[in-house]
Structure formats: structure tokens, C-alpha cells
Amino acid sequence: MILHYKCPGCGSDMSFDAESGALSCQSCGRHENIENYPEELKSLRFSEDEANEYHCENCGAVLITDTETAATHCSFCGAGVVIADRLSGNLAPSKVIPFMISKEQATTAFQKWCRKGLLTPKGFMNGDRIKSMTGLYVPFWLYDLNSKVQVNATGTKVRTYTQGDYIYTETKYYDVFRDINLDYVKIPVDASEKMNDGLMDKLEPYPYDQLKDFKTPYLAGYLAEKYNYSHEELLPRAKDKISDYIESYIQSTLTGYHSIRIRDKQIDTKNQKSDYVLLPVWLVSYDYNHSNYIFAMNGQTGKVVGKPPISKGKVASWFSGIAVGTFFALKCVSYFMGGGF
Amino acid sequence: MSVSHFRKQSLLFLLTVLLLSLPFGFPQTAKAQEFDRMHYIYDDAHLLTSEEAVELQTLAADLGGQRETSFIILTLNGTDGKDIVQYVEDYYDDNAPGYDQPHGNTAILAIDMQERDIYLAGFKKAEQYLNDGRLDVIREEITPALSDGQYFQAFSQFLNISYEYMGQEPTSDSGGYTDYGSSGGYVGQNSYETGSDAENIFFQWWFQLISSLVVAGFVVTIMANRSGGRVTVNGQTYMDRNKSRVLSKYDNFTHQTVTRQRKPQNNSSSGGGGGITGGGHSHSGSRGKF
């Protein structure tokens, strides 16, 4: 089933407007509040054998889609359409963070970011080679994880003192135990096969206060994907993401000792809840020097990630600049310390 | 202005200029004084007989000539109210001793009979070769003779040991001093602190050059790695502070061990060390009492 939003006023295509956060008509400027829209996809069931061909509600043309695509544009008439089959039943997202940054704002922000690059080549800094800006709702699982941690360790406190002709080193040993409860909420893990995990991790954090109950009109005019991995499959990755946090928390409770040797550590992490959400990402395809670079921008905060090209000349200038500066500084320090210039 | 506007060439030029200017120190402010640089023994406290003084003068001239260093001995009856270190520094500033030039290589042994202070100082090449550690060794070696009133013996020891040290690179003997026959007293002195200025690695230009290259490489690598964006979330971002806490804990003392170690023999009156004179000459030093 294809969902397509027609303006009740003028009959033109409607799409989600990032600035106003409403479904809007570009022809007559009408705004529809999305939060009041009825949403019955969760209860809707479609036949298991998904249709492999969809027709645009607007013009009737065949929609060309990947099997993951949940929202797209009709390549013929350009209307934003939502493929409801791929967002219903257990594919129905529970929440969504709508785009806050429109395409124009994203373009400006990206160009600004290009200019900030300290090591990027001059030609790249203009930011005028953007091939495409794609607003994509990326499927994420948000995990609420609870960890029960029990740690047994041996701690030592060392004291040295002098008595008579001897220096005494006194080492006290302690049997240390910690029972810790840790709750981490809304750990985002991207559930799309296409998206680079490292890139997606760097896009965090998403402002969760903008999480809205999922309504299909939020997707109108943008691309969306359905998840490739279930929450069971991605649980190890979520646990992996918090393992460092847990370690550093444990360390923070073991203070006051000169040395700590952990004898036994039990970490039992359980999944309390996992929510399927769609998070907004602008994908920027950028052409520089005959190769293509992909950047991602957080559709809420505007944070840009992705590997830009590195200019060898600039690296050389920075390197020699810092080397000369440090050298000079060291010379001055040693001069003032009495070592001669 | 960002560094990106710097021309690469100009940076390289700057680097080259800096490197070339390395071997040359600050220009010396040499002031010629009426001072006989060939005279080495100044026995103001009259501790030596005239024969002894002549003998020492000959010895100092001979050994100093081989090491291109002035070995100067000052015996004092009071230091005009100055500290002995200050006195020696001013002496070097005012009289500009040196083997072949004013303010040249000089090693000074000064003793003050009023305070029973002894101070040894090395300037220029002698600062390097007779560093604080070596001067400590010399001082400890001659102090017993000074305390006994055997000044001639102590002074000739000073000349001989200094002469030996001036012939050995200070870095080559970090494992301990070789015993060079005149007495066995130096063996076992290898545990002294090697933190003297001249040997401090921090003051070596090649060390400074290497560290600046390392720092620059480190910074640029970080810049390159961060150019692609970085993770800005941490353990606090997703933690539920209301529910995350230590539920129970204990820290039970089990046992303790005590080890003891003999204190390193503290020199009864060590310290002093080197410094910089009012005239801007840095030097090594060792002071004590006798």
C-alpha cells in the first residue's frame, strides 16, 4: 500500500517541512499538524508476500525501490510517497525524530563545515561540488540496557616513611568489593546494512527530547529505510558500545588506592527494552578530484562526519609550523632554565 | 589568520634559519680586565708556603695547558659579606679568567677560612666536563685533607683530579668513575645524582629538535584523525543517573607488608650546585664545609 499526501486545499503534493515541523503544501502554503494525524499502521497487516511492484498514487507510474526503501520520491512525478507495507506490523517504528534542518540549511551548514577543515585542500573548501543531498531516515534500535556488575579486587595503599637510617615502605592490602547497578537508556545502534557503523556512531548524540510518536507524514518528501537487522541481532553491538562505559564506571568507584588488581568481575547485561526508531540523517555526496566522498550530517544537530580529503601541502605546513614553534619554545625554556640557548 | 595562508617555502626557510643558528650561542660580552690570566694561585689566607705556591702554580699551568683550562685556587679570609657562591661568580664576572680568552674555560676552587666554606665551580668547557656530580666527587675527596689542614695536598689533589676529569667526556662514564691511581677513593661514588645541567638531555639541541618533530607529528596526526568528526558521547550521555549506583561495597583491610631500605648516605653539607653569574655565565658547582 502506498501512502501519498495530497493537499486538501489545492490538491498538490504535500511533504514534511523541517522548519515548521508540519506537513506542508508548497503550492498554497497550507500546514497540517502531523501530531493529530491518525496512525493505524501498527495494527495493520499486509499479506506476507509483499508486492514487488508499487505504483505511484499520484501519477500511476511504477515506483523503483530497493527492498529496504520505506519512503521515497516517485521518479516520474516527484511526489513524496510512503510504502506503508514496510512500516507496518513489526516493521512499524515506535518513534521518530523528524528533520529539523531543511535541505537549504543542510547545504549551507555543510559548506560552512568544509571551510573549517584545517587540512582539507583549497579546492575542497569551497563546498561547491555537492552532487546530491539526500534526507534519509535511518532505522535505529534504541536499547535500554541494565547491567549488574560485581567486582572483587585487591587494592594496595603504600606509605613510605623514614626512621633512623632506614626508609620504610609499608604496603597495606585491602579486599575490595563493589556491587553496581548501571542503567543505560536509549543506546542507539543503526539497523541499516548500508550505513557505515563508525560513521553513524560519530553522528551521536541525537536530542531525544525531539522523539515523536511515529506518524507516516513525517516521511513525506524524504527517503526512509526499514531495518535489516532485528534487535536480537544487534544486541551484542549495543552491549559492546556500553562496555567501555561500564569499565570506566567501575574504575571510578575504585579510587583511593595506589594500585588495584581486579580478581573477579561479573558483568551481566540484560536488554530491558528496544525501540525501533527512525533518525534523520542528511547524506552528502561530494565530488572532488574525480573521486566521490560521502558525508553524513545529523538531521537534528547539524553535526557533520565523514573523511574529507587531506592536503599534503597543508599537512606539511602545519607540521613544520608546529615543529618550529615547539623547537623555539623548548629553546626558550631551556635558556631560562639555565641550559644556554 | 590561519596557518593555511603561510607559504610553505617561507616556513621551510624559517626552519633552515633556526637550524643554522643553533651552533652559535649568544654573543659574549667580553670585557677585558687587568687580570693576569697566567696566574692561578691566589693565597689570600696565607695557607701555603711560597715554595708550595710556586709548585702549585707550575702544576696548574702545566695541567691547565694540556686541558686548555684555567685551574684557579682561591683561599680567602672572609668573602666581603657575600656568600661564597656569589663571591666566586662575581670573581669570574669581574676578572674574566680563562685559558685562552677572557671568560674562558675555568675551574675554580675557593675556600673561605672564616666560614670554613668550600666551593668548586666549572665554567664553559669545565662546566660540562666538571659537572655538579664530578665536582661533588672532587670536593668529597679533598675535604678530609682540608679539614686536617693539609692544604697543599688538597690543592694538588684538586688539580690532578680535575685534570683527569677534563680529559673524559662526561657522558661516557655514566656507569661510574674509573680509578686513576692517585687514590682509591672514587670507587663506589657512582651513585651520585646525575642531574647536572650540562648533561641534562633537555638542553641538548638534538633532543629538542627530535621532541619538536615528535610533537608536530603527533598534533598533525590528531588533526587528520579528527577531520572526519569524532565521537562526542561518553558514559554519561546514556546513563540513567537515578538508577545507576553502587548498591553495596566493602574495603576490608587484610594484611600489610613493610620493607626497609638503608638511606643513601647523605652528604653532610652538599648542595649549591651550579647557577648563572650576574654576568650571565652559567656554571656548575659543588659547595660544602670542611
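The values are calculated or read from the model by the stated rules, or taken from the named source; none is laboratory data. Remember, it's a predicted structure, so these values are computed and weren't measured experimentally. All Cβ positions, even for glycine, are placed from backbone atoms using ideal geometry, and neighbour counts span all protein chains on display.
Descriptive notes on the structure:
- For the range A:188-199, the candidate set comprises residues that are within 11 Å of chain B (Cβ to nearest Cβ) and surrounded by 19 or more Cβ atoms within 10 Å (Cβ to Cβ); within that set, the residue that is farthest from A:F140 (Cα to Cα) is A:L199.
- Total residues in the range B:212-237, condition modelled with pLDDT of 90 or more and of a type outside the set (V, I, T): 5
- Condition check for A:M125: of a type in the set (A, V, I, L, M) and more than 18 Å from the chain's Cα centre (by Cα): yes
- Condition check for A:Y174: of a type in the set (S, T, Y), in contact with an Asp or Glu (Cβ under 6 Å, 6 or more places away or on another chain), within 11 Å of chain B (Cβ to nearest Cβ) and within 30 Å of B:T259 (Cβ to Cβ): yes
- Sole exception among (1) under 52 Å from the mean Cα position of the chain (by Cα); (2) within 7 Å of chain A (Cβ to nearest Cβ) for B:R226, by number: (2)
- Among the residues making up the range A:289-317, those that are in contact (Cβ under 8 Å) with a residue 12 or more places away in the chain, outside any strand (DSSP E or B) and touching a Leu at 6+ places or on another chain (Cβ under 7 Å) are A:K303, A:G306, A:I310, A:S311, A:K314, A:V315.
- So A:V185, is it facing another protein chain (nearest Cβ under 9 Å), in contact (Cβ under 8 Å) with a residue 40 or more places away in the chain, more than 17 Å from the chain's Cα centre (by Cα) and surrounded by 14 or more Cβ atoms within 10 Å (Cβ to Cβ): no
- Inclusion of A:I322 among residues that are farther than 30 Å from A:K172 by Cβ and either touching a helix residue (DSSP H, G or I) at 6+ places or on another chain (Cβ under 6 Å) or within 13 Å of another protein chain (Cβ to nearest Cβ) (or both) is warranted.
- Looking only at residues in the range A:70-105 that are out of contact with any Leu (no Cβ under 7 Å at 6 or more places or on another chain) and among the β-branched types (V, I, T), the one that is surrounded by the most Cβ atoms within 10 Å (Cβ to Cβ) is A:I83.
- Residue, modelled with the highest pLDDT, within the range A:1-58, restricted to residues that are among the aromatic types (F, W, Y) and in contact with a Pro (Cβ under 9 Å, 6 or more places away or on another chain): A:F16
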